[in-house]
Amino acid sequence: KMLADLSLYNEFRLWKDEPTMDRTCPFLDKIYQEDIFPCLTFSKSELASAVLEAVENNTLSIEPVGLLPIRFVKASAVECGGPKKCALTGQSKSCKHRITLGDSSIYYYISPFCRYRIASVCNFFTYIRYIQQGLVKQQDVDQMFWEVMQLRKEMSLAKLGYFREEL
C-alpha cells in the first residue's frame, strides 16, 4: 500500500468512531478545503453554492438530456443554459446532462466537465453517508480509509479537468 497522510488517517479514525456530516469536523474540513470546494467552484458562483447545498442534502439529480419526449417535461419547467451552453460555466459546450436541485422544476444544462466534478463529489458523499449510517460492514477502518482516498483522487482528477464518460 502507498503511504498516506497520517494526520488525515488519524482524523478519519476519530471521525469514524462518531461519524458526523458536520463540515467543521477536522476530517471533513480538510476534504472540503482541498477537494470539495475546489471541485464545485464554477464561474456562476450563486448556482455553484446551490449545487453544493443540494449535494450535501442529497437532493441533486443528474439526468441525460433528451431521454424524455418533450410532452413529458413538466409544464412549469424552466431550462437554464441549453444543449450547447453550460449553466455552471456560461461556456459554449455540448451539454449531454442536466441537473435539478431539490424539488425545483428548473433544469440546468451542464457540460461533461461539470458533470464529472459534481458526480465525483456526490460519490464521496454517498460513501461517507453509508459509513455514517452504519451500512459499510464488509470493510475494516483501513479499507474504508483507502476507499475515501480513492474518492478523493477522483475529485482531484475531476478538478484538474480529467473526466471519464462512464462516471
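For q = 0.12, 0.17 Å⁻¹, what log10 I(q)/I(0) does the chain give under the Debye formula with an equal point scatterer on each alpha carbon and no solvent?
Log10 of I(q)/I(0), two decimals: -0.58, -1.02.
For the chain, what does the helix formula give at 222 nm: sum of -39500 (n - 2.57) over DSSP H segments with n ≥ 4, over the residue count, nearest 500 deg cm²/dmol? Before the final figure, lay out the partial values.
Details: 5 runs with 70 residues, N = 167.
Here the helix-only value at 222 nm equals -13500 deg cm²/dmol.
Just to verify a number: what accessible area does SER104 come out at with the full protein assembly present, 1.4 Å probe, Å² rounded to tens?
40
Measure off, as a whole percent, the carbon and sulfur share of the 1.4 Å-probe accessible area of the chain, all protein chains present. It would help to have the intermediate numbers written out before the result.
Details: 5070 of 9550 Å².
Summing carbon and sulfur atoms, their accessible area is 53 percent of the total for the chain.
Quick one: divide the alpha-carbon radius of gyration of the range 26-70 by 2.2 N^0.38 Å and tell me what you get. Each step should come with its number before you reach the end.
Working: Rg = 13.7 Å, N = 45, 2.2 N^0.38 = 9.3 Å.
The reported ratio for this selection is 1.46.
Count the DSSP beta bridges whose two residues both fall in the range 78-167, then state the antiparallel fraction as a percent rounded to the nearest 5. Write down the numbers at each step before the final one.
Details: 5 of 8 bridges.
Antiparallel: roughly 60 percent of the beta bridges in the range 78-167.
State the Cα centre-to-centre distance between the range 76-130 and the range 37-68 in whole Å.
When both Cα centres are located, 5 Å separates them.
Calculate, for the range 113-156, the solvent-accessible area per residue in square angstrom, rolling a 1.4 angstrom probe over the heavy atoms of the protein chains.
Numbers: 1950 Å² over 44 residues.
Per-residue accessible area for the range 113-156 comes out at 44 Å².
Please report the antiparallel percentage of the DSSP beta bridges confined to the chain, to the nearest 5.
Values: 10 of 13 bridges.
For the chain, the DSSP antiparallel bridge percentage is about 75.
How far, in degrees from 0 to 90, does helix 141-159 lean away from the longest principal axis of the Cα atoms of the chain, to the nearest 10?
40
With a 1.4 Å probe and all protein chains kept in place, how much accessible area does SER105 have, in Å² rounded to the nearest 10?
30
The values are calculated or read from the model by the stated rules, or taken from the named source; none is laboratory data. The structure displayed is predicted, hence computed values, not measured ones. Accessible surface areas use protein heavy atoms only, side chains included; no ligands, DNA or RNA. Shrake-Rupley method; radii C 1.70, N 1.55, O 1.52, S 1.80 Å.
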